[in-house]
Amino acid sequence: MGALIGGIITVIISIYLWVVWPGQAIVIQGILPIILLGAGLLAVIAGITSIKDSIEAKKLEQESQQQSSSSEQK
């Protein structure tokens, strides 16, 4: 969850910097927003993936509990 929030904040900062320093893609001022945007997007993707993984793990845990309770009843 932290990666998702950090990624969103980084993307917002990079878009702001891109607006403040337009057209300077060659100098460091122009490269910084691009690097921040890439890092932010990667963090957002990592955050979404971790959330999906935790949801999947909860589903598998519930299924295993249901199977074990149904096998105990037999």
Approximate spin-label separation TYR16-SER68, in nm, with each point projected 7 Å along Cα-to-Cβ: 4.8 nm
Using 0.36 nm times the number of residues separating ILE31 and LYS59, minus their current alpha carbon distance, what extension gain do you get? 5.8 nm
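Since every read-out is calculated from the coordinates, none of them should be taken as a lab result. Here the structure is a predicted model, which is why all the values come from computation and not from measurement. As a convention, Cβ positions derive from the backbone with ideal geometry for all residues, glycine included, and neighbour counts pool all protein chains shown.
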